[in-house]
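Here is the structure we will look at.
The values are calculated or read from the model by the stated rules, or taken from the named source; none is laboratory data. Keep in mind the model is a prediction, meaning the values are calculated, not measured. Cβ: placed from backbone, ideal geometry, glycine included. Neighbour counts: every protein chain shown.
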Amino acid sequence: MNQPLLSLRGLKTHFFGDEGTVSAVNGVTLDIPAGQAVGVVGESGCGKSVMARSILRIVEQPGRIVAGEILLRKDDAEIDLAKLPANGEAMRSIRGGDISLVFQEPMTSFSPVHTAGNQLIEVLRLHRGLSKEKAYERAVDLLRMVDVPSPEKVMDSYAWQLSGGIRQRAMIAMALSGEPRLLIADEPTTALDVTTQAQILDLIRDLKRDTGMALMLITHDLAVVAGVADYVVVMYLGEVVERGTVEEIFGAPQHPYTQALLRSIPSISGPPRIRLHAIAGSVPHPFDRPSGCSFHPRCPVAIQGTCDTVDPPLRVVGEGHEAVCHLVGEGQPGSPIFTMQDLETRLPALAREPESARDTMLEVRGLGKSHALHASPLARKRAKVRAVDDVNFELRAGETLALVGESGSGKTTVSRCILRAIQPDSGEIVFRTQAGDRLDLAGLRTAQLRPLRNEMQMIFQDPYSSLNPRMTVFDIIAEPLRVDGAQGKQEQVARVLELLELVGLPREYMRRYPHAFSGGQRQRIGIARALALRPRLIVADEPVSALDVSVQAQILNLLLELQGYLGLTYIFVSHDLSVVRHVSDRIAVMYAGNLVELGHRDEVMESPRHPYTATLLAAIPKPEPRATTSAPPHRGTRPNLIDPPVGCYFESRCPYAVDRCKAERPTWQEITPGRWVRCHRYGELALSGIGADLNSGIHSVHDRSSGK
Amino acid sequence: MGSVQDPAGTTARPDVPPTADPAEREEGKDRIYVATQRQLIWWRFRKHKLAMAGLVVVAAFYLVAIAADFLAYSDPHDTSAQRASMPPQPISVLDGGRPSLFTHPLIGQRDLVTFQRTYVADESVKIPIRLFAHGYKYKFLGIVPTDIHLIGAKGAPTENSIFLLGTDELGRDIFSRLLVATRTSLFIGLAGVAIGIALGVILGGISGFYGGITDVVIQRMIEILRSIPTIPLWMGVAAAVPHTWSVERVYFSITLIVSVIGWTELARVVRGKVLQIRDEDFVMAAELVGSKPRRIIFVHIVPLFTSHIIAATTLALPLMIVAETSLSFLGLGLRAPAISWGVMLQQAQNIQTVALAPWMLVPVIPVVVAILAFNFLGDGLRDAADPYS
C-alpha cells in the first residue's frame, strides 16, 4: 500500500493565449495513496482545477501539458498519462474507468434533454458493456448507494427537475459507475446549501470508506477538507506550497499561506465580532507572477531581500510533511507588512456616533410576497409561489440583524421588500427616518420613496453583476451623488476619493473600469457606492458568499469596521452561519418564507429552539481534522410553496414532527422577551447548538500561529 | 449572465493587492485597466484579420459609391447601336516603352455568316486618355455641379472610346454603369435599415423594460408581422404605389415598408438583452439610489448593447443588398432607367447574353464581394462586441 496510486511529478500545464503564456500549473508534485483522500486547497485562480483536468487530459485549448509526469499505477505497472494521446483508446478507458471527475456545477454536467437514468445507463453500457436491463438495475443500485431517496423516480427525471443536492448525488453515482480507483471531486459542494453540503461530504467520506477508492477533493474552503481528507496539499499560483497529513496541516501549518488560510475561516467558537485574520490582497494574475516566492507580496512575514528575490527551497518538516518557504525552521518571522491604519486617524471627519439602540429603526409586520409563475397563457389562473409569508420582526438602530436560511427560503425577498426594490403584497414596513418620522414603506409610491434613498442602501451578492461594465469606478461610486444632484463635480470627486479610502482602495483606481478588478475589490467598490449617500441602514445580501474564504475575511472586517465607525445598522442576509455568527447581534432564521426563530446571536447559536436552526447548526463544516459533521438525517423534501401544506412547513423534514405538526400551523410566538419561535414543540425539545466542546480545533491554530 | 467570467488567458484579470504601489506595474497593463468598452472592442476587432479585411473592403465600396460619377467616364444613360455588346477593351499604358495612356478606336462589323456584331481595334489610330478630363455633367456629392472625371478620351467622344468592361446591348458602358449601380445598391437600403433599427430598438426596449401587457402586445404584433410572406408583400406594394412616382421613389417606399417588417428580428434580440441587463444587480443599484427610468434606460441599459446593434446593422445591410438585387432581377424592385446591380443583371437574364456577351455578368462580382465583406465585418464586430466573453 506504500506505492501511491497516482503521482504527479513536476507537472506543468500552460495556456498559450494571445496576451502571453499563463502558467496555470507550474510544477506540481504530489502523491495520492490508494484508498486515501487528498484535499487540494487554495484560493480561486491557483490552478487546482487545471491540475485536475490535466490528470484526465481534458485541458481545454489553448492549454497544454508542457512538462512533468502523471504516473498512474495500473496492474503493477506505471503508466505516464502525460505521454498518452489525449483522445486515444487508453486514455478513454482510464477516464471513467480508473479515474472519475465530479464537477462543481451538477446542472451543466447533465444533458437537459435526457433523463438522469438514461445518461447513467448509457455510461454503464459504454464503460461496463452491460445489457440494457442489467444497466438499469446497476444504475438504481448506484443511486441507492449515494443515498438518493426513491431512485426509480430519479431515473425518470430530468436534471432540471432535481434539487441541487440530488443532482450532485446523481453526478457522483455516474462518476462511480465505472468503479474508479480514484474520484476527483472539483469543488463538489461549493454551489450547494450548507445542509446539503454536509450531506454530500458525509456521502463522499462514506463512499471512500466503503469502496476503498482514493479521493482527490479540490476546494477553496479548508473547513470542507478537514473532515474528509487524510492528506492536504496547499496550492498557490500553480505551485504546491505545503503538503502533509491533515493533522499536521491543521495542527502545525508551516507555510504562511496555509496559516493565513486557516486563520481567515470565521471561527464558530471564538469570540464573535472581532477582526478576522484576512490575507492581504488577492491572487495575482499568472501574468504578474511575483519574483522569488510567489506569495511574498501577500505574506505577513516576508523577509525583504530574500523572499522577493530568491526562490524558496523545499523544506521537509516531518515525514511526508513539506513546505516551500524560506522561513520554515528559521525561527522568528518578521513583522506583518499589511496593517490597515485605523480609520480614525485617516478620515477623522467621517466618524458618526451609533444611534441609540433603544430606538427601533424598522418594524416589519405581516410581510407577504408571492411570485407569479410563468404558466401557460391558456391556464385560467396563474400559479403563485409564496416566497414570503407572514414575516414579523423589529430592527433596532445600530445593530446587525442576520437573516439566515437555505436558498429559496425567502430571505432575499424580505431584504428586497424592505428596500422596496420589490413591492410586497401585504404587511407593513414601518421605517423611522432620520427626522424621526415613521413611514410605512410598503404603502409608498416610487416618487415618495426617492427622498428615502439616502437613508438605506444595499450591498449585492454578485460582485460581477453589481457593477456596470461601461462605467469607471468614479462613475459607479458617484452615481448616487449625481442622481441626488446636490453636489458639484468638485465635491463629487472629493467624496469619491474619501469613499475609496474608506473601503481601502487606492485613489488611482478611480479611472479604471470594473474589468480591472478581482471579486473582493469589486465588492469594495459596491460598498463604497452604497455608502455614498451616507445611509443609516445597509442591507447586505450575501455580500461574501461569492468570494473566497480569504477574501471573505477582508470584506467582513471592512463591514464590521465601517459599522462601528459610521454608526450603521445592518440587515445581513446569509446562508452561512459561521459568517453570520461573526457579524451579527441578532439572528433571524427563515424557512420556506417563514421566520422560524429569532433571538440574540448567542442564544440562537448555543440553544436553538427550532429544529431547523439545529439542523443548520449541525451542518456547519468544522475546520478540524477528521471531524464528522453531525449532519442532520436527511429525510423528506421542502414543501411545495405553490400549494403550501396545512401544517408546519418544516414538518416534512423535521425529525421531531408529531401529528399535530401536520394538521396545524404553529404560530409566531415570543417565548421569552426578544426570543421568538414558530414551533409547536419548542418547549419539549432539547436541541443542541454549538457548544463549548468545539472550542478546540481551529482555536489551537490561532494560538500557535500568533505565538510564533 | 456570467457575462464577466475570467478564464485564464482572456483580458488580463489583474488581481493586484490594494496596497501595492501602482507605479510598480507596467504601462501596458494599466492601459487595459482604464480602457473603455469601445477601446476593448477595437483591440479585439483588430485581431480578427478577416473582419479587418471586410472593414477595408466595405470602406472602399462606400468611397467608390460616393465618388461614382467622378470615377465613371461615360454617361451611363448614353445609348448607341454603333457600339452595342462590345467586349471589354484594355487601355494601353506603354507606347513603345514610354509611359502613355491611350486606346485604339474600335470598328464595328457585322459578321455576314452569323450576323453577329464583331469589333476590331484600329491599331493605326491612338486616342490619348487624359486624367481629370471633362465629360458628362453631374453634381459631385449631389451638390457641386461639375463635369470633371478621373479619366476621359482626348480628341474623340469618351462614350465612343473607352470600354473597360465592354458595353451592354444598348451600347452603354458597363464600367460606368457599374459604378453608378454601386451607389444605388449600397445607399438605397440604408434608410430602410435605419428605420428598422430605430423601430427594433425602441419597441424591443419598451417590450423588455416594461414587460407585462405591453410586452405581450408587442410580442404578438411581432408574430403577426413575421407571418406575412415578404415577396407577395413586395409585389403588392410595388403594384399599389402611384405610377407617376420615379423608380427610385417607388423602390425607396418599398424598402421603407419592408423595414416595417424587418425590425421584428432586432426587436426580439433587443428585448432579450434588455430583459437580461434589467436583472443585473447594477440596474437595481441604480434604482435604489433613486434613478428615474429614463436614466436607467439610457445610462445603464442602452450602452450595454450598442455594440450588438452595430453588429446587427452590419449584418442587416447585406440582406438589404441581396434583397434589392434579387427583387430587381425578378423585375419587382428597381426598373430601368434606374441603375443598380439587380437592374444590370436583369439585362443578363437570357441565355443569349450569357453566351455571347458574358461580360454583362460582371455585376455579380461586386455583389458577392460586398456581401462577403459585410458579413465578415459583421461577424467580427459581433465577436468583438463582447470583450469579456
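Kindly establish whether B:TYR62 is of a type in the set (Phe, Trp, Tyr), crowded, with 19+ Cβ neighbours inside 10 Å and either within 18 Å of B:TRP359 (Cβ to Cβ) or in contact (Cβ under 8 Å) with a residue 60 or more places away in the chain (or both). Taking the combined requirement at face value, the residue does not satisfy it. Scanning segment A:20-41 for residues that are buried (at least 16 other Cβ atoms within 10 Å of the Cβ) and within 14 Å of another protein chain (Cβ to nearest Cβ) gives A:VAL22, A:SER23, A:ALA24, A:VAL25, A:ASN26.
The one condition from (1) buried (at least 23 other Cβ atoms within 10 Å of the Cβ); (2) touching a Ser or Thr at 6+ places or on another chain (Cβ under 6 Å) that B:ARG177 does not meet is (2). Scanning segment A:290-301 for residues that are away from chain B (no Cβ under 12 Å), over 26 Å from the mean Cα position of the chain (by Cα) and either within 22 Å of A:GLN554 (Cα to Cα) or crowded, with 19+ Cβ neighbours inside 10 Å (or both) yields A:CYS293, A:VAL301. Among residues of segment B:113-129 that are touching a residue at least 24 places away in the same chain (Cβ under 8 Å), those with a Cβ under 8 angstrom from a residue that is part of a loop (DSSP other than H, G, I, E, B) and surrounded by fewer than 11 Cβ atoms within 10 Å (Cβ to Cβ), sequence gap 6+ or separate chain, pair up as B:ARG117/B:ASP111; B:ILE127/B:GLY155; B:PRO128/B:GLY155. Against the conditions (1) modelled with pLDDT of 85 or more; (2) facing chain B (nearest Cβ under 8 Å), A:ALA516 satisfies every one except (1). Within segment B:270-293, being assigned to a loop (DSSP other than H, G, I, E, B) and in contact with an Asp or Glu (Cβ under 8 Å, 6 or more places away or on another chain) holds for B:VAL289, B:GLY290, B:SER291.
Looking across segment A:470-482 at every residue that is in a loop (DSSP other than H, G, I, E, B) and more than 7 Å from chain B (Cβ to nearest Cβ), the one that is nearest to B:THR306 (Cα to Cα) is identified as A:MET471. In segment A:483-492, is there at least one residue being surrounded by 18 or more Cβ atoms within 10 Å (Cβ to Cβ), modelled with pLDDT of 90 or more and part of a helix (DSSP H, G or I)? Yes, segment A:483-492 contains a residue that is surrounded by 18 or more Cβ atoms within 10 Å (Cβ to Cβ), modelled with pLDDT of 90 or more and part of a helix (DSSP H, G or I). For segment A:499-524, a residue qualifies if it is under 22 Å from A:GLN487 (Cα atoms) and in contact (Cβ under 8 Å) with a residue 60 or more places away in the chain, and the qualifying residues are A:GLU501, A:LEU502. Of all the residues in segment A:79-135, those that are within 30 Å of A:ARG64 (Cβ to Cβ) and loosely packed, with under 14 Cβ neighbours inside 10 Å number 10.
Can you go through B:ILE261, B:ILE257, B:ILE296, B:ILE228 and tell me which one is touching a residue at least 12 places away in the same chain (Cβ under 8 Å) and outside any helix (DSSP H, G or I)? Only one candidate qualifies: B:ILE228. Every test in (1) surrounded by fewer than 19 Cβ atoms within 10 Å (Cβ to Cβ); (2) more than 14 Å from chain A (Cβ to nearest Cβ); (3) among the polar types (S, T, N, Q) is passed by B:GLN39 save one, and that test is (2). Output the helices (runs of 4 or more DSSP H) that fall wholly within segment A:97-184 and possess 3 or more residues being more than 30 Å from A:ASP31 (Cβ to Cβ), or say none. Qualifying helices (runs of 4 or more DSSP H): A:116-128, A:132-145, A:151-155, A:164-176.
Do any strands (runs of 3 or more DSSP E) entirely within segment A:542-613 hold 3 or more residues that are among the small types (Gly, Ala, Ser) and at negative phi, and if so, which? Break it down stepwise before answering.
Working: elements: A:569-574, A:586-591, A:594-600.
Fully inside segment A:542-613 and qualifying: nothing.
Residue-by-condition table, conditions (1) at pLDDT below 85; (2) assigned to a helix (DSSP H, G or I); (3) at the interface with another protein chain (Cβ under 7 Å from one of its Cβ atoms):
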position: A:ARG453; (1), (2), (3): no, yes, yes
position: A:ASP462; (1), (2), (3): no, no, yes
position: A:ASN468; (1), (2), (3): no, no, yes
position: A:LEU499; (1), (2), (3): no, yes, no
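With the requirement that a residue be surrounded by fewer than 22 Cβ atoms within 10 Å (Cβ to Cβ) and away from chain B (no Cβ under 12 Å), what does segment A:302-315 give you? If the condition is that a residue be surrounded by fewer than 22 Cβ atoms within 10 Å (Cβ to Cβ) and away from chain B (no Cβ under 12 Å), then A:ILE303, A:GLN304, A:GLY305, A:THR306, A:THR309, A:VAL310, A:ASP311, A:PRO312, A:PRO313, A:LEU314, A:ARG315 are the ones that fit.
Of the residues making up segment A:254-289, those that are within 14 Å of chain B (Cβ to nearest Cβ) and aliphatic (A, V, I, L, M) are A:ALA260, A:ALA278, A:ILE279, A:ALA280, A:VAL283.
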